[in-house]
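Some notes on the structure that comes next.
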Amino acid sequence: MTTAMVIGTQWGDEGKGKIVDYLAARADVVVRSQGGNNAGHTVVVNGQAFALRLLPSGIMYPGKACVIGTGVVIDPKGLIAELDNFIAKGIDVGALEISDRAHVVFPYHVRIDEAEEQLKGAKKIGTTKNGIGPCYADKVNRIGIRIIDLMNPDIFAEKLRWNVERKNRLFRDFYHVEEFDFESMYREYLGYAERLRPFVKDTNYTVYQYMAEGKSILFEGAQATMLDLDHGTYPFVTSSHPIAGGACIGAGIGPHNMENIFGVVKAYSTRVGAGPFPTELNDAIGDHLRERAHEYGTVTGRPRRCGWLDAVGVRYAAMLNTLDYLAITRLDILDELATIKIGKAYRHNGEEFDRYPADLSLLDQVEPVYEELPGWQEDISGIRRYEDLPENCRKYLARIAELTGVPIGIVSVGPDREQTIVLAEVL
Ligand code: GDP
Ligand code: IMO
Ligand code: MG
């Protein structure tokens with residue numbers, strides 16, 4: 001048995017989908033273990049782009065077991081739409097497995113998400129408004145509804161009725177928004193239950209069984225380290241645990257089984273949603289990166305904030321995730337720049353430090369200490385061997401590895417499967 005894991009090291013959208021798609025070719029099983037349809041992973045095959053929200057990116061390989069693990073929150077309507085979209089494109093989704101312990105997202109979660117953002121006003125998080133936070137909140141509050149509940153109409157009716165009544169009181173008396181009708185929601189979700197029933201499994205056991213049979217398992221992270229509920233830029237985070245340890249919990253697998261942990265690092269930084277971003281560029285270079293890379297959210301279409309690579313953040317991610325390799329993506333986006341900066345420390349009140357602070361007001365005020373490197377100013381998108389990359393490009397990569405203390409395992413020079421340079425062969 002061999003395992004590998006793909007983790008975001010920044011604020012998401014690093015290109016995890018592309019790296020998972022590359023590694024999935026060699027894996028027997030692909031497992032998603034946290035997050036929900038707040039994720040948007042893009043896989044490009046022969047120029048055709050596929051967007052994945054809840055489905056593991058391994059679904060692109062027919063017959064490969066794809067598991068939506070216990071730690072994921074599932075919006076059944078969204079999942080079914082995603083399945084139908086793939087079926088219409090002729091992709092076989094028969095090998096999908098959905099954990100019977102995963103929690104279900106309901107329309108009242110989405111409404112709470114919207115209402116909370118509205119209430120926060122200028123202090124809003126900038127969530128994807130998919131009800132992710134409120135669904136995880138119900139789970140932690142032990143009032144959530146799981147896939148297994150959905151499979152039993154009587155148990156489901158009781159739990160849903162209780163939740164709808166309770167949430168309606170909130171909507172009526174606190175948020176002052178429209179209430180929900182239990183009956184229609186119940187019927188709608190029973191329909192989803194029947195559609196999803198064939199895929200529902202006790203994935204804690206199926207994944208264990210795959211491992212016992214010696215199969216290779218790939219864990220697909222969603223979101224990223226800086227969005228981790230505990231270790232990210234709280235409260236500007238998501239409500240799950242995108243770090244490597246989160247995959248143990250969400251997939252129900254012990255830490256001894258986690259190997260080959262890839263941290264995906266975009267060659268620059270982006271963030272969608274609010275919160276501190278020390279190396280953000282509110283200038284022509286930031287605009288250049290956004291337009292050249294088309295940095296607009298896959299899920300919400302919002303423009304992504306762009307900036308230089310922040311090695312302080314990636315080093316923090318390397319530590320929290322025990323990264324074995326870096327996968328550097330979107331390196332080609334930097335092709336035209338004459339010089340490139342890397343943030344390697346922070347400065348505040350004349351003092352320099354290189355740790356990622358918990359204090360967001362401090363993080364908001366720090367000034368990055370930059371190192372400037374010469375650009376390569378040539379098109380690298382057709383290069384397939386590391387030694388063929390321009391010298392300045394290799395120097396940039398070597399410096400990232402040095403500043404973060406993690407060797408580079410994969411370099412991506414374009415969105416397509418083929419545009420990948422592999423230094424570490426795993427699985
Ligand atoms: P994820 O959420 O981490 O899976 O990333 P997204 O799919 O949201 O965003 C990454 C975007 O970058 C997608 O549009 C990918 O097709 C694209 N992409 C991935 N790797 C590369 C690369 O090396 N170069 C370029 N130009 N695009 C890339
Ligand atoms: P992938 O997997 C980028 C951000 C939102 C917001 C915060 C909380 O594609 O990298 P939420 O809806 O989760 O409660 O929003 O987290 N966010 C992401 N940003 N990529 C993602 O996923 C994200 N998922 C959530 O923008 O700032
Ligand atoms: Mg994304």
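Once every Cα of the chain carries one equal point scatterer and solvent is ignored, give the base-10 log of I(q)/I(0) from the Debye formula at q = 0.08, 0.13 Å⁻¹, two decimals. Values, matching the q order: -0.44, -1.13. Spread over its residues, the convex hull of the C-alpha atoms of the range 316-407 is 116 Å³ per residue.
Please give the solvent-accessible surface of His294 in Å², to the nearest 10, using a probe radius of 1.4 Å with every protein chain present. Its heavy atoms expose roughly 120 Å² to the probe. For the chain, relative contact order (Cα pairs under 8 Å, six or more residues apart, normalised by length) works out to 21 percent.
Calculated FRET efficiency, Ser361 and Asp92, Cβ-Cβ r, R0 56 Å, to nearest 0.05? The computed FRET efficiency comes out at 0.65. Here the extension length gained between Met319 and Glu391 equals 23.1 nm, from 0.36 nm per residue of separation less the Cα-Cα distance. Computed in the context of the full set of protein chains, the accessible area of the chain at 1.4 Å probe radius has 49% of its extent on carbon or sulfur. The residues packed around Asp173, meaning those with a beta-carbon under 15 Å from its beta-carbon, carry a net charge of +2 if Lys and Arg are +1 and Asp and Glu are -1. Full extension of the chain segment joining Leu373 with Lys120 gains 87.0 nm, where the gain is 0.36 nm per residue of separation less the Cα-Cα distance. With 0.36 nm allotted per residue and the present C-alpha distance subtracted, the Tyr208-Arg169 stretch has 9.8 nm of extension available. Among rounded, prolate and oblate, which fits the range 1-69 when a ≥ b ≥ c are the square roots of the eigenvalues of its C-alpha gyration tensor, a/c under 1.5 means rounded, and a/b larger than b/c means prolate? Rounded shape, in that the Cα axes give a/c under 1.5. For the range 55-199, the mean projected area of the C-alpha convex hull, equal to one quarter of the hull surface, is 9.3 nm². Across q = 0.13, 0.14, 0.22 Å⁻¹, the range 21-135 modelled as identical point scatterers on its alpha-carbon atoms has Debye log10 I(q)/I(0) values of -0.54, -0.61, -1.20, in the order of the q list. Excluding ligands, DNA and RNA, the accessible surface per residue across the range 44-171 is 42 Å² with a 1.4 Å probe.
The local environment of Pro153, defined by Cβ-Cβ distances under 15 Å, has a net charge of 0 under the rule Lys, Arg +1 and Asp, Glu -1. Among residues other than Tyr268 with Cβ under 15 Å from its Cβ, the summed charge is -3 (Lys and Arg +1, Asp and Glu -1). Counted over the range 268-353 with a bin width of 10 Å, the fraction of Cα pairs per bin, in whole percents, is 15, 44, 34, 7, 0. With a ≥ b ≥ c taken as the square roots of the eigenvalues of the C-alpha gyration tensor of the range 71-133, please select rounded if a/c is under 1.5 and otherwise prolate if a/b is larger than b/c or oblate if it is not? Taking the square roots of the gyration eigenvalues as a ≥ b ≥ c, the range 71-133 is prolate.
When the surface is traced with a 1.4 Å probe over the full set of protein chains, Lys120 keeps roughly 80 Å² accessible. Classify the range 111-270 from the C-alpha gyration tensor, please: rounded if a/c falls under 1.5, else prolate or oblate depending on whether a/b exceeds b/c. Note, shape of the range 111-270 comes out oblate.
Ligands, DNA and RNA are left out, and with a 1.4 angstrom probe the accessible area of the range 200-332 is 36 Å² per residue. Under the simplified labelling scheme, the Asn85-Val177 pair shows an inter-label distance of 2.3 nm, with each label point 7 Å from Cα along Cα→Cβ.
Over the range 273-427, the alpha carbon radius of gyration divided by the compact-protein estimate 2.2 N^0.38 Å works out to 1.07. Here the dipole of the chain is about 680 debye; that uses its Cα centre as origin and unit charges on the Cβ of Lys and Arg (positive) and Asp and Glu (negative).
The values are calculated or read from the model by the stated rules, or taken from the named source; none is laboratory data. Since the model is a prediction, treat every value here as computed from it, not as a measurement. Quick reminder, even Gly has a Cβ in these numbers, built from the backbone with ideal geometry, and neighbours come from all protein chains shown. Only protein heavy atoms, including side chains, enter the accessible area calculation; ligands, DNA and RNA are left aside. Shrake-Rupley method; radii C 1.70, N 1.55, O 1.52, S 1.80 Å.
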